[in-house]
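Trainee: Once you've had a glance at the structure underneath, I'll fire off some questions.
The values are calculated or read from the model by the stated rules, or taken from the named source; none is laboratory data. Not measured: the values here are computed from a predicted model. Cβ placement follows ideal geometry from the backbone for every residue including glycine, while neighbour counts extend to all protein chains displayed. Just the protein is used for accessible areas: all its heavy atoms, side chains included, with ligands, DNA and RNA removed. Shrake-Rupley method; radii C 1.70, N 1.55, O 1.52, S 1.80 Å.
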Amino acid sequence: MLFFGVLGALLFRGIFLAAGVAVVTRFTAVLFLFGAVLVWSAFKLLRGGGGEDNMDPGKSLSVRLLRKLVPITDEYHGTRFVIREAGRRIGTPLLAVVAAIEAADIIFAVDSVPAVLAVTDNAFIVYSSNAFAILGLRALYFLLSGMLDRFHHLGKALAFILAFIGAKLFLQAGHETISTSIPRIPSLLSLAVILAALTVAVVVSMRRPRQTDQAAPASCDARAPDSVDR
């Protein structure tokens, strides 16, 4: 699933990035819209994502649309995506999983594309940076999934970064469409701010772990004397 998810992400991200570069090149004012998208994404992330953690993937729009086009069986058949049953082709749950993954990547592209366009509009750099990020994420997926619980302040840092990049887009758009006297944030300064935000989030998370993480060792210590007595 990770392989097909990465493959689809590379394809869809290329389409979105090509369209984004073309639009920004011709209509610079669209950067105001991109900045607003990033600020709104930061606001939603800071509020906790709007409850997506409790979302049932089987009830997502992409899976429901897929079920209207192709009948989906409730049983897995190895690693097959499509099987033939009673003379007709039927999709397996793995096909629904791929559809949900690709739909999720399209949603993620809504804020990731404006974020990278805030740094550069060079098509090669834009796509290659996204490609390396996606390929690296496949290799680090399980490591990152385990680290996110420990670095619980990382979400706040990411929200700050999205808002910062959104502000950078506002200034860039104002500089190019309204007045050249409006300052622009250099890319090196942006990189420094991003690295600082991530570093602070990691350090604070390690120095101030969640109370649930602290309670677990304490509860084990509390049960220790009782277990020795027994």
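Trainee: Looking only at region 112-124, decide whether some residue is open to solvent by 50 Å² or more (accessible area, probe 1.4 Å), at pLDDT 80 or above, among the small types (G, A, S) and under 22 Å from S187 (Cα atoms). Before the answer, list the steps.
Mentor: Applying the first criterion (open to solvent by 50 Å² or more (accessible area, probe 1.4 Å)) to region 112-124 yields 119, 121-124.
From what is left, the residues that are at pLDDT 80 or above are 122-124.
Filter once more, so that each one left must be among the small types (G, A, S): 123.
Now drop any that are not under 22 Å from S187 (Cα atoms), which leaves 123.
Checking region 112-124: at least one residue is open to solvent by 50 Å² or more (accessible area, probe 1.4 Å), at pLDDT 80 or above, among the small types (G, A, S) and under 22 Å from S187 (Cα atoms).
Trainee: Filter the helices (runs of 4 or more DSSP H) completely within region 53-155 down to those with at least 1 residues that are under 26 Å from V202 (Cα atoms) and of a type in the set (V, I, T).
Mentor: On the way: elements: 61-69, 93-117, 123-150.
So the answer is 93-117, 123-150.
Each row is one residue, and each column tells you yes or no for (1) β-branched (V, I, T); (2) under 30 Å from L31 (Cα atoms).
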site	(1), (2)
D74	no, no
L94	no, no
I101	yes, yes
I106	yes, yes
S112	no, yes
S128	no, yes
A133	no, yes
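Trainee: Check region 7-21 and report whether any residue there is part of a helix (DSSP H, G or I), touching a Leu at 6+ places or on another chain (Cβ under 6 Å) and surrounded by 15 or more Cβ atoms within 10 Å (Cβ to Cβ).
Mentor: Looking only at region 7-21, we keep the residues that are part of a helix (DSSP H, G or I), and these are 7-21.
Within this subset, residues satisfying the condition of being touching a Leu at 6+ places or on another chain (Cβ under 6 Å) are 20.
Okay, now just the ones that are also surrounded by 15 or more Cβ atoms within 10 Å (Cβ to Cβ), so 20.
Within region 7-21, one or more residues are part of a helix (DSSP H, G or I), touching a Leu at 6+ places or on another chain (Cβ under 6 Å) and surrounded by 15 or more Cβ atoms within 10 Å (Cβ to Cβ).
Trainee: Would you confirm whether or not region 32-46 contains a residue that is assigned to a helix (DSSP H, G or I), surrounded by fewer than 15 Cβ atoms within 10 Å (Cβ to Cβ) and modelled with pLDDT under 85?
Mentor: no
Trainee: Here's a check for you: in region 140-156, which residue that is open to solvent by 80 Å² or more (accessible area, probe 1.4 Å) and not hydroxyl-bearing (S, T, Y) is nearest to T25 (Cα to Cα)? So that I can check it myself, show each step before the final result.
Mentor: Here is the first cut: in region 140-156, the ones open to solvent by 80 Å² or more (accessible area, probe 1.4 Å) are 140-143, 148-150, 156.
Going one step further and asking which of them are not hydroxyl-bearing (S, T, Y), we end up with 140, 142-143, 148-150, 156.
Details: L140: 34, F142: 38, L143: 38, L148: 37, D149: 40, R150: 41, K156: 32 Å.
Once the filter is applied, the top-ranked residue is K156.
Trainee: Tell me, please, whether a residue that is open to solvent by less than 90 Å² (accessible area, probe 1.4 Å), over 22 Å from the mean Cα position of the chain (by Cα), of a type outside the set (G, A, S) and over 30 Å from M1 (Cβ atoms) can be found in region 206-215. Before the answer, list the steps.
Mentor: Applying the first criterion (open to solvent by less than 90 Å² (accessible area, probe 1.4 Å)) to region 206-215 yields 209, 213, 215.
With over 22 Å from the mean Cα position of the chain (by Cα) added as a condition, the list becomes 209, 213, 215.
Filter again for of a type outside the set (G, A, S), leaving 209, 213.
Still in the running and over 30 Å from M1 (Cβ atoms): 209.
For region 206-215, residues open to solvent by less than 90 Å² (accessible area, probe 1.4 Å), over 22 Å from the mean Cα position of the chain (by Cα), of a type outside the set (G, A, S) and over 30 Å from M1 (Cβ atoms): present.
Trainee: Go through region 132-147 residue by residue and tally those that are modelled with pLDDT of 75 or more and either more than 17 Å from L7 (Cα to Cα) or touching a helix residue (DSSP H, G or I) at 6+ places or on another chain (Cβ under 6 Å) (or both).
Mentor: 1
Trainee: Now a separate question. Take the conditions open to solvent by less than 60 Å² (accessible area, probe 1.4 Å) and more than 19 Å from A18 (Cβ to Cβ) and apply them to A159. Does it pass?
Mentor: On the way: open to solvent by less than 60 Å² (accessible area, probe 1.4 Å): yes; more than 19 Å from A18 (Cβ to Cβ): yes.
When the stated conditions are applied, A159 passes them.
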